[in-house]
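Structure first, commentary second.
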Amino acid sequence: MEKNKSIYIFLLLVCIALVFYAGFYLIESGYEPAYAFCLVKQDNEYIMNLDISNTEVENRNYSINVIVDGKKYLEYISLGSGRQFTYQHHIYLPLIEKKVNVLIYKENEPDPISEIYIL
């Protein structure tokens, strides 16, 4: 039993090290923006929170496109170096097409740098 516990702890430490290595690698390689996404269901709606961080040394402009059942919502943001922005969107039920997409664009780039498909 002790041998299994030791192996488990060793593998857990290796996984943690890989996660930190991957995180630092992505930041150093210019991956942008760093974001965290959360979707919470409350009564007759979903509440979407999207945290965006600018990991670059320069200010950056982004647009957040949320498409709910074909209806588009657009938010433009400007983030200073190392700054974070929290975008919140309420998605009311019922959804007709049951389709929600979130696209993040960097200023002057035609392709999204991040796509999130929900539901």
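Where a number appears in this text, it was derived from the coordinates with a stated rule and is not lab data. Remember, it's a predicted structure, so these values are computed and weren't measured experimentally. When we count neighbours, we look across all protein chains shown, and the Cβ atoms used for this are built from the backbone with ideal geometry, even at glycine.
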Stretch residue 99-residue 49 to full length: gain in nm at 0.36 nm per residue minus the Cα-Cα span? 16.3 nm
Within region 80-119, which residues have the backbone N less than 18 Å from the label spot 7 Å out from residue 38 along Cα→beta-carbon, could you tell me? 84-91
